[in-house]
Every structure is written in structure tokens, then in C-alpha cells.
Amino acid sequence: MGSHDDRADPAARNVLGTPLQVCGLDPATGFFRTGCCETGPDDLGRHVVCAVMTQGFLDYTVAQGNDLVTPRPEWGFPGLRPGDRWCLCATRWLEADEAGVAPPVVLEATHEAALQIVPLERLRSHSVLG
């Protein structure tokens, strides 16, 4: 986990070019657990896509070896359920989209760094209102 100084610029932008909005605080998401999909040099996975969890995506990601369902109290992680918002790795979201199970995306809370991996049109086709 990075320190406060490693966090993205407070003027971080979303994929629409406006100020980055909070993705989720219950549970607190983001690489830095600030509730925002901020990124920085320590975030090698680029946890920048704010997604609304679906059962289909949660089942898919468990099958891919990334269990987001099982609570991990030692990490302060309650486990995710459908409807929870979570900052996903852009590459994992793209893989899920290619598999037909991409969860909906909150564009206002998705960091602009996602555009280095996922085209805006693809994110937009899965967008839901924040």
C-alpha cells in the first residue's frame, strides 16, 4: 500500500475529462482505499475502472484466480457482492468485456488512465449513471 504522498494528483481527472468522482466508500475501494480510483507508481495493476459488481463478473473473476467475494478481515476486505462499487484493474475489466461479463462502469469515477488500456467507446457502452 502506498503512502499518502504516492497518491494521484488531487486534480485527478476521469475518462470524461472532469474531476474524478468517488467510486465507493462501503467498502472503501481504490488502490489507496480512499474510495476513488486513483493511481500512482505503486499501482502496477492500474485499479482505475469504477465498476458496479454483478454476479456474472464476480463468478468470472473468481474463476480467473482473483477472488473478490471471500471476506479477508486481515486486509480489511469484507468481500464484494452484486451492486458494490469497486475499482478494477483496467486489463481485468477488458478481459471480462471480451468474455461477455464486463460489469457496468461509472465513467465519472473511472480514472483517465483507463484510456491507456480501454477505449472510451468501450467503457461508454457499459456506462451507468454515477
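What follows draws every value from the coordinates through simple rules; no lab data is involved. Note that the structure is a prediction, hence the values are computed from the model and not measured. We place every Cβ from the backbone using ideal geometry, glycine too, and count neighbours over all the protein chains shown.
Name the residues whose placed amide hydrogens come within less than 5 Å of the amide hydrogen of Arg13, ignoring near sequence neighbours (fewer than 5 apart) on the same chain.
Leu20, Glu112
Please build a GNM for the chain, connecting alpha carbons under 10 Å apart, and tell me which residue among Ala51, Ala11, Ala102 fluctuates the most.
Sorting by GNM fluctuation, first place goes to Ala11.
How high is the relative contact order of the stretch 16-103, given as a whole-number percent (alpha carbon pairs under 8 Å, six or more residues apart)?
31
Calculate, in nm to one decimal, what Ala28 and Thr91 gain on full extension: separation in residues at 0.36 nm each, minus their alpha carbon distance.
Between Ala28 and Thr91, full extension yields 20.6 nm more.
Would you calculate the volume per residue, in Å³, of the smallest convex hull containing every Cα atom of the stretch 7-130?
Considering the Cα atoms of the stretch 7-130, their hull volume per residue is 96 Å³.
Taking amide hydrogens as modeled 1.01 Å from N in the peptide plane, which residues meet the under 5 Å criterion relative to Asp84, leaving out close sequence neighbours?
Met53
Residue separation times 0.36 nm, minus the C-alpha to C-alpha distance between Trp75 and Asp59: what's the value?
Residue separation times 0.36 nm, minus the Cα-Cα distance, leaves 3.6 nm.
Among all cysteines in the chain, which have no other cysteine Cβ under 4.7 Å from their own Cβ?
Cys36, Cys89
Using the Cα atoms of the stretch 66-130 to build a convex hull, what is its mean projected area in square nanometres?
4.8
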